[in-house]
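Here's the structure, in structure tokens; my notes come after.
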Amino acid sequence: MRLRLPPKNKNQGIYWVRYYLDHVDKPQKQIKPSKQTEYRALLVEVRNCFEQQEYPDDIQILINEIDRVLLLKRITSSHMKNITAQIDFLTNKYK
């Protein structure tokens, strides 16, 4: 951001104060994370839960699906619904 110097004319002091209050002294906006970053963070967290080398075939299919989705350029809510449905099914199966 380019800072402007205060005016040399003393009558324009009010303008400088208003400019300072409007532009210079504003707090920075917090950047809200996008859905893509939230989805990726959640999938990486789920993927890190699987530390062993060998799992049953259905769990291995889930791990492969998570890896496939993480390689995609764009993750949609339908991908997340599909993965959560698989996790729910496996949770009920292995209770």
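No lab work stands behind these numbers, since they all come straight from the coordinates. All figures in this text were calculated on a predicted structure; none of them were measured in a lab. All Cβ positions, even for glycine, are placed from backbone atoms using ideal geometry, and neighbour counts span all protein chains on display.
Ordering Ile31, Ile59 by the number of other Cβ atoms within 10 Å of each residue's own Cβ, fewest first, gives Ile31, Ile59.
Largest first, the three principal axis extents of the alpha carbons in the stretch 35-93 are 30, 22, 15 Å in whole numbers. Ranked for footprinting exposure by Cβ neighbours inside 10 Å, fewest first, His79, His23 give His23, His79.
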